[in-house]
Amino acid sequence: MIPMYHGLSPLAGRYDAYIVDLWGVMHDGVRAFPAAVACLERLHGQGKRILILSNAPRRAAEVIARNAEIGLPARACDFVMSSGEETWQHLARRAAGERCYHLGPGRDLGMREGLAYVFVDDMAAADLILNTGALLNTDTAESYDALLRPAASRGVPMVCANPDLEVIRGDTREICAGAIAARYEALGGVVRYHGKPHPGIYRTCFALLDGIARPRIAAIGDSLRTDIAGAVTAGIDGLFVTGGLQGAELGVDAEGNADPARLAALCDATGVHPVAALPVMRW
């Protein structure tokens, strides 16, 4: 069975640095969780290095600003990295002049700034697709079949700035860019992913946490598919928050505590095993 703890305090001494997920761990997309913020501040006060790692399809500076708006102050961590930042850095290194179709909502327009692309409104003219997510929070991945099928048949590559399949905003589930990217692959398209669980984002994190050995680094997240699988592949411990994204699958109670048998079964079914589980992010 996977060890389950009430909070992080029994585990804190094992690690010198933490790579912490945002959505579902630190906030719900609307407001920060006070207990989670207090936990980060306590860890930081003990000299632990804290790196926020988000699959948000926006640049790190935008993530920092949004965190502050919903109650997560910048002082609570040392670094912030996002899948959007890694995506932007990758695109900035590509050859200038390519025609890019941006599939995503208006809040992600900052991803275009500073890039030497010609952004086009006609998919038929595109050499590249930048996927940052659904246009409407009620859309499904299949909503974009008519747009994406011809691009897939032409071999237009897609860059996905958020590998997450879905997120819970407040009390509502919404698809993310990863769901659209998976659908594009099903239609025959080719996708390059940036963010968890892919190795590139962890190399960036380890560079920021230079000098700390991997056995002394833990990743905290609420998705086995991204947060914990990414941690395991990167060679660090994964601490699973059961009361977040996968709470319904785990039959969690009002406090976020998972049924131990369901947790073990889900981990066995996915082949992804955290070293410990917490109901929520708290001390």
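What follows is calculated from the coordinates using simple rules that are stated; it is not laboratory data. Because the structure is a prediction, the values reported are computed rather than measured. Cβ atoms come from the backbone with ideal geometry, glycine included; neighbour counts cover every protein chain shown.
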Calculate, for E98 and I212, the FRET efficiency according to 1/(1 + (r/R0)^6) with r their C-beta to C-beta distance and R0 41 Å; round to the nearest 0.05. 0.60
I want to verify the translational diffusion coefficient of the chain in µm²/s; compute it with Stokes-Einstein, Rh as the Kirkwood radius over Cα pairs, at 10 °C and 1.306 mPa s. 83
Taking a quarter of the surface of the convex hull around the Cα atoms of the range 143-283, what do you get in nm²? 10.0
What's the angle, to the nearest 10 degrees (0 to 90), between helix 60-69's Cα axis and the longest principal axis of the chain? 60
Determine, from the Cβ-Cβ distance of H90 and E249 and an R0 of 35 Å, the FRET efficiency 1/(1 + (r/R0)^6), rounded to the nearest 0.05. 0.60
Counting DSSP beta bridges with both partners in the chain, what percentage is antiparallel, nearest 5? 15
So if we plug the beta-carbon distance of E41 and M1 into 1/(1 + (r/R0)^6) with R0 = 41 Å, what FRET efficiency do we get, rounded to 0.05? 0.85
Classify the range 95-193 as rounded, prolate or oblate, taking a ≥ b ≥ c as the square roots of the eigenvalues of its Cα gyration tensor: rounded when a/c is under 1.5, otherwise prolate if a/b is larger than b/c and oblate if not. oblate
Principal-axis tilt of helix 260-270 within the chain, Cα atoms, nearest 10 degrees: 40
Residue-span extension gain [D145 to R169] - 0.36 nm each, minus C-alpha spacing: 6.2 nm
Spin-label model distance (nm) - W283 vs A74, 7 Å beyond Cα toward Cβ: 2.5
Percent relative contact order for the chain, counting Cα pairs under 8 Å at least six residues apart, stands at 23
Could you give the angle, 0 to 90 degrees to the nearest 10, between helix 34-45's Cα long axis and the longest principal axis of the Cα atoms of the chain? 70
Lys, Arg +1 and Asp, Glu -1 on Cβ, resulting dipole of the range 95-193 about Cα centre, debye, nearest 20: 160
Relative contact order computed over the range 16-89 (Cα-Cα under 8 Å; 6+ residues apart), in percent: 36
So for the pair S9, L135, with labels modelled 7 Å out along Cα→Cβ, what separation do we get in nm? 5.1
Backbone N under 14 Å from the R107 label point (7 Å along Cα→Cβ), restricted to the range 31-60: 31-32, 55-59
